[in-house]
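A quick write-up on the structure given underneath.
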Amino acid sequence: MKKLMMAATGGAVLGLVVTSQVAGPLLAQEQGQQASVYEQLDLFGDIFERIRAGYVEEVDDRELIEAAINGMLTSLDPHSSYLSAEDAAAMRVQTSGEFGGLGIEVTQEEGWVKVVSPMDGTPADAAGIMAGDFITAVDGESMMGLTLDDAVNLMRGPVGSEIVITVVREGEVEPFDVSIIRDTIKLTAVRTRTEGNAVVLRVSTFNEQTFPNLRDGMAEQVAAAGGLDNIDGIVLDLRNNPGGLLNQAIFVADAFLDAGEITSTRGRDPEDGERFNAAAGDLAEGKPIVVLINGGSASASEIVAGALQDHRRAIIVGTNSFGKGSVQTVVPLQGEGAMRLTTSRYYTPSGRSIQALGISPDIIVEQPRPQPATDEEEDAPATRSEADLRGALNNGLSEDQLRQVEQERARAEAAAQLREQDYQLAYAIDILKGLNALGPLANGAN
């Protein structure tokens with residue numbers, strides 16, 4: 001017993017010795033780091049005072065401190081930034097669905113401002129600004145070296161005022177100027193229509209209106225068609241959609257999923273991770289879905305496309321998406337300002353992080369650039385058929401049968417016209433036609 005007690009005591013003493021030997025250096029290291037931080041803060045204060053006292057022009061203390069804070073945040077990644085009281089108010093207005101500006105979503109790449117996507121029906125869209133364009137100057141003033149927020153502020157201005165932006169575009173030899181008139185941007189989050197027998201849901205952004213617009217618009221189109229039995233399926237068009245509110249992306253994905261994970265977010269601390277799952281109920285009741293994406297589809301758009309792709313609920317068509325797989329948390333600060341901080345990455349149901357990679361479509365379909373018709377094409381003779389031959393036999397169809405043939409021909413001509421206007425959308429509708437022609441087994445029914 002005495003031996004056991006001695007062994008235990010010895011072990012305790014040894015434990016104290018080891019603990020003191022390990023914890024001592026760690027404590028010293030931590031204190032050293034704190035001292036280093038305080039030294040850096042003293043350095044900041046010294047520089048701040050020297051600028052106030054010796055800069056060639058008088059400076060505004062508040063602007064100087066805000067610039068320092070913003071510099072600290074923007075050094076982390078392109079999406080973290082400081083929002084002044086005015087910028088924070090503008091962001092709240094934007095997520096509600098109405099704001100002033102040009103109507104483009106931008107990011108920063110190697111110091112230049114890059115267009116993620118133009119927004120539907122906005123001045124930038126009407127002026128022909130494209131996803132992937134680089135904006136290098138505004139009214140002759142270079143954008144190089146500006147923070148993203150400063151660049152955005154430079155493009156803002158009174159409604160009705162003119163702005164000239166210099167654009168560098170892949171495939172164009174020289175930069176070119178585009179004149180745009182600023183306007184109040186009123187976003188319709190979802191536009192719905194029917195093309196042939198397909199319901200097209202064009203989702204341009206994810207704001208507070210997105211899911212209600214999608215649900216109500218789809219219900220109207222289905223009712224106009226006489227019910228889901230009369231449609232081939234759904235085209236969910238997420239092209240040039242720069243993203244927006246995470247909860248709205250979850251609502252939209254959930255609208256077409258009966259169960260399973262939609263997305264998960266993971267931060268620096270594993271305990272801060274979240275998983276978002278679908279509830280029962282599918283607005284399309286199992287009808288096939290084609291999702292259209294391109295290089296302008298980012299963030300919330302990629303959450304939706306990734307969820308539907310991983311659950312094999314939709315066929316993804318188009319080109320690789322933008323690859324913004326991070327989540328920003330807006331933290332209110334004193335003085336009505338806010339901090340936009342990247343706090344986590346999001347993952348698709350299969351565990352894929354799409355940060356800097358994007359969503360790869362199941363079927364790659366490029367959108368061809370419109371080509372002007374050549375003189376030879378315009379002068380080409382019309383093709384002839386059996387019906388053009390002199391003395392050709394009549395087909396013997398009744399008037400009702402002829403009317404049906406004419407209706408089918410009109411639908412085919414409309415499809416051909418759509419193919420010239422929007423090749424990717426026409427391709428998606430053709431997929432739905434093919435799936436519908438194969439019957440229930442192709443759509444997963446028993």
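The values are calculated or read from the model by the stated rules, or taken from the named source; none is laboratory data. Quantities reported herein were computed from a predicted structural model and do not represent experimental measurements. Cβ placement follows ideal geometry from the backbone for every residue including glycine, while neighbour counts extend to all protein chains displayed. Please note that ligands, DNA and RNA were not included when accessible areas were found on the heavy atoms of the full protein model with its side chains. Shrake-Rupley method; radii C 1.70, N 1.55, O 1.52, S 1.80 Å.
Odds and ends about this structure:
- Entirely in the range 49-162, the helices (runs of 4 or more DSSP H) that have 3 or more residues that are among the small types (Gly, Ala, Ser) and open to solvent by less than 70 Å² (accessible area, probe 1.4 Å): 61-74, 85-96
- Within the range 206-227, the set of residues being more than 24 Å from ALA249 (Cβ to Cβ) and either part of a loop (DSSP other than H, G, I, E, B) or at pLDDT below 95 (or both) comprises GLY226, GLY227.
- Residue selected from the range 236-246 under the condition surrounded by 24 or more Cβ atoms within 10 Å (Cβ to Cβ) and among the aliphatic types (A, V, I, L, M), by the criterion farthest from ILE431 (Cα to Cα): LEU238
- Going through (1) open to solvent by 60 Å² or more (accessible area, probe 1.4 Å); (2) at pLDDT 95 or above; (3) out of contact with any strand residue (DSSP E or B) (no Cβ under 8 Å at 6 or more places or on another chain) one by one, ASP177 falls short only on (3).
- Considered as a group, the residues in the range 417-446 that are assigned to a helix (DSSP H, G or I) and either basic (Lys, Arg) or at pLDDT below 75 (or both) include one that is most open to solvent (accessible area, probe 1.4 Å), and that residue is LEU441.
- MET119 vs. criteria closer than 30 Å to SER326 by Cα, under 37 Å from the mean Cα position of the chain (by Cα) and modelled with pLDDT under 90: yes
- GLY281 within 17 Å of TYR347 (Cβ to Cβ), out of contact with any helix residue (DSSP H, G or I) (no Cβ under 7 Å at 6 or more places or on another chain) and either aromatic (Phe, Trp, Tyr) or open to solvent by less than 50 Å² (accessible area, probe 1.4 Å) (or both): no
- Any hit, the range 24-37, residues being at pLDDT 80 or above, over 30 Å from ILE163 (Cα atoms), of a type outside the set (A, V, I, L, M) and in a helix (DSSP H, G or I): yes
- Taken over the range 316-326, the residue count meeting the criterion of being under 12 Å from the mean Cα position of the chain (by Cα) and hydrophobic (A, V, I, L, M, F, W, C) is 1.
- Residues satisfying the stated conditions in the range 348-385, i.e. part of a strand (DSSP E or B), open to solvent by less than 100 Å² (accessible area, probe 1.4 Å) and at pLDDT 95 or above: ILE363
- Any chance ILE262 is under 20 Å from the mean Cα position of the chain (by Cα), among the aliphatic types (A, V, I, L, M) and buried (at least 23 other Cβ atoms within 10 Å of the Cβ): yes
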